[in-house]
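> Here's a structure for you.
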Amino acid sequence: ENIAAHLGHDAFRFLQKDVTEWSSFQDLERNFDCVVHLAAFKIPRYGKAIDTLRINYRGTDNLLEFARQAGCKCVIASTSDVYGRNPKLPFSEPDDSVIGSSKVARWSYAVSKLFDEHLAFAYQESYGVPVTALRFFGSYGPRHHLSWWGGPQSVFIEAVLNDQEIPIHGDGLQTRSFTYVNDTVAGIYAAMVKPEANGEIFNIGSNHEITILDLAKLIKRLCNTPGELRIKFVPYA
């Protein structure tokens, strides 16, 4: 449904395949200038850590191997989560990753993406595959997934429109930055076509921070629904 508007475009071809299966790539042509790897299994706050680790590793390994065989560049999607619990804000690309306990499944996503970055640069060093890693910060826009998969905006909008409580983890004073999808796409495209991006890591995001509590208030105001803002604070697990 998300790509329906593009299916008739001459420059677009959709193939439904599983990136974790090498057979998905065997019948593809090898005449590419660049492959952009955006497929992943996202944050496992409520389980599925094993899927996160396996899918993200196997998919990235297959894409990098395909790029090696095709002799082309590979741009991989990473995440702001790789900075983990690092208290230094705002995050800069050379900053350290401070990952939480291995007994907390939430960190398996960050670790899987950090491993993907290491794997990409290992391919570059060992096989000469030009790679660029992009760490995305809160991308949002039209056709966004209307659940926690799509981030807090989606959940908050749905709650406000249905006159429900907005669930906020912690005290809501934690800050996030959100990036409109046009800017995310511009960052991906620049990484694809600019040779100076080869071998580099880039944060793709906004430098405007907002607290989660203020985000809820903003969404309530923009939705212009009757009644007061209703919030349910949920303790961190």
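The values are calculated or read from the model by the stated rules, or taken from the named source; none is laboratory data. Being a predicted model, the structure only gives us computed values, none of them experimental. With ideal geometry, Cβ positions are generated from the backbone for all residues, glycine too; neighbour counts draw on all protein chains shown. Calculation scope for accessible area: heavy atoms of the full protein, side chains included, ligands and nucleic acids excluded. Shrake-Rupley method; radii C 1.70, N 1.55, O 1.52, S 1.80 Å.
> How far is helix 107-127 tilted off the main Cα axis of the chain, in degrees rounded to 10, range 0 to 90?
It works out to around 20 degrees.
> Given the options G151, F91, T79, identify the residue whose Cα lies farthest towards the positive end of the charge dipole of the chain (+1 on Cβ of Lys, Arg; -1 on Cβ of Asp, Glu).
G151
> State in Å² the accessible area per residue of the range 9-58; use a 1.4 Å probe, count heavy atoms of protein chains only, and round to the nearest integer.
On the way: 3800 Å² over 50 residues.
Roughly 76 Å² per residue, with all protein chains present.
> Hey, what's the per residue convex hull volume over the C-alpha atoms of the range 98-188, in cubic angstrom?
140
> In square nanometres, what is the average projected area of the Cα convex hull of the range 149-237?
Mean shadow area of the hull around the Cα atoms is 7.5 nm².
> Considering only G47, I166, N31, whose Cα is most displaced toward the positive end of the charge dipole of the chain, charges sitting on Cβ of Lys, Arg (+1) and Asp, Glu (-1)?
I166
> For every other residue with a beta carbon closer than 12 angstrom to the beta carbon of L15, add +1 if it is Lys or Arg and -1 if Asp or Glu, then tell me the sum.
Residues near L15 contribute -1 overall.
> Leaving out ligands, DNA and RNA but keeping every protein chain, what accessible area does L15 have, in Å² rounded to the nearest 10, with a 1.4 Å probe?
80
> Only Lys, Arg, Asp and Glu count, each charged at its Cβ (+1, +1, -1, -1), so figure out the dipole size of the chain about its Cα centre, rounded to 20 debye.
560
> Mean residue ellipticity at 222 nm from the helices of the chain, using -39,500 (n - 2.57) per DSSP H segment of n ≥ 4 over the full residue count, to the nearest 500 deg cm²/dmol?
-11000 deg cm²/dmol
> Rounded to the nearest 0.05, what FRET efficiency is calculated for H169 and S24 with R0 set to 45 Å and r the Cβ-Cβ distance? List each step's numbers first, then the result.
Details: r = 36 Å, r/R0 = 0.81.
With R0 = 45 Å, the Cβ-Cβ based efficiency is 0.80.
> If you don't mind, there's one more thing I want to ask. For the range 194-232 and the range 108-129, compute the distance between their C-alpha centroids and round to whole Å.
Between the Cα centres of the range 194-232 and the range 108-129 lies a distance of 28 Å.
> Could you give the distance between the Cα centres of the range 145-168 and the range 46-81, to the whole Å?
So the separation of the two Cα centres works out to 29 Å.
> Now, a different point. Counting pairs of alpha carbon atoms under 8 Å apart in space and at least six apart in sequence, what relative contact order in percent does the range 50-155 give?
33 percent.
> In whole Å, largest first, what are the principal axis extents of the Cα atoms in the chain?
58, 45, 33
> Still on this model: Quick one: accessible area per residue over the range 127-237, 1.4 Å probe, rounded to a whole number of Å²?
So the range 127-237 comes to 59 Å² accessible per residue, rounded to a whole number.
> Find the relative contact order for the range 74-122 and round it to a whole percent, using C-alpha pairs within less than 8 Å whose residues are 6+ positions apart.
41
> Mind ranking K232, K17, K220 by accessible surface for me, highest first, 1.4 Å probe?
The most accessible residue leads, giving K232, K17, K220.
> Just to compare against my own numbers: the Cα pair-distance distribution for the range 6-112, 10 Å bins, whole % per bin, please.
Pairs per bin, as whole percents: 13, 36, 31, 17, 3.
> Within the chain, what's the longest stretch lacking GluC sites (Glu not before Pro) that sit in DSSP loops with no more than 16 other Cβ atoms inside 10 Å?
Numbers: sites that count: E1, E21, E29, E165, E228.
With GluC sites (Glu not before Pro) excluded where exposed in loops, the chain gives 30-164 as its longest stretch.
> Give me the net charge for the shell around G205: Cβ to Cβ below 12 angstrom, other residues only, Lys and Arg +1, Asp and Glu -1.
Net local charge, G205 excluded: -1.
> May I ask what percent, to the nearest 5, of DSSP beta bridges between residues of the chain are antiparallel?
The antiparallel proportion sits near 10 percent.
> Can you give the relative contact order of the chain as a percent, counting alpha carbon pairs under 8 Å and 6+ residues apart?
Reported as a whole number, the value is 19 percent.
> Helix 181-193 versus the longest principal axis of the chain: what is the Cα-based angle in degrees, 0 to 90, to the nearest 10?
The two axes meet at around 20 degrees.
> Which order do you get for L218, L89, L114 if you rank them by accessible area with a 1.4 Å probe, largest at the top?
Ranked list, largest accessible area first: L89, L218, L114.
> Where in the range 18-62 are there chymotrypsin sites (Phe, Trp or Tyr not before Pro) that are in a DSSP coil and have at most 13 other Cβ atoms within 10 angstrom of their Cβ?
Details: sites: W22, F25, F32, F41, Y46, Y57; in loops: W22, F32, F41, Y46.
Answer by residue number: W22, Y46.
> If r is the Cβ-Cβ distance from S102 to Y57 and R0 is 25 Å, what FRET efficiency results, to the nearest 0.05?
Details: r = 16 Å, r/R0 = 0.64.
In this case the efficiency is close to 0.95.
> Calculate what fraction, in whole %, of the accessible area of the chain sits on carbon and sulfur atoms when a 1.4 Å probe is rolled over the protein chains.
53
> Given the Cα-Cα distance of S92 and F12 and 0.36 nm per residue of separation, how much length would full extension add, in nm?
Taking 0.36 nm per residue and subtracting the Cα distance, the gain is 25.3 nm.
> Here's a follow-up. Against the longest alpha carbon principal axis of the chain, how many degrees, from 0 to 90 and to the nearest 10, is the axis of helix 49-70 turned?
Compared with the principal axis, the helix lies near 40 degrees.
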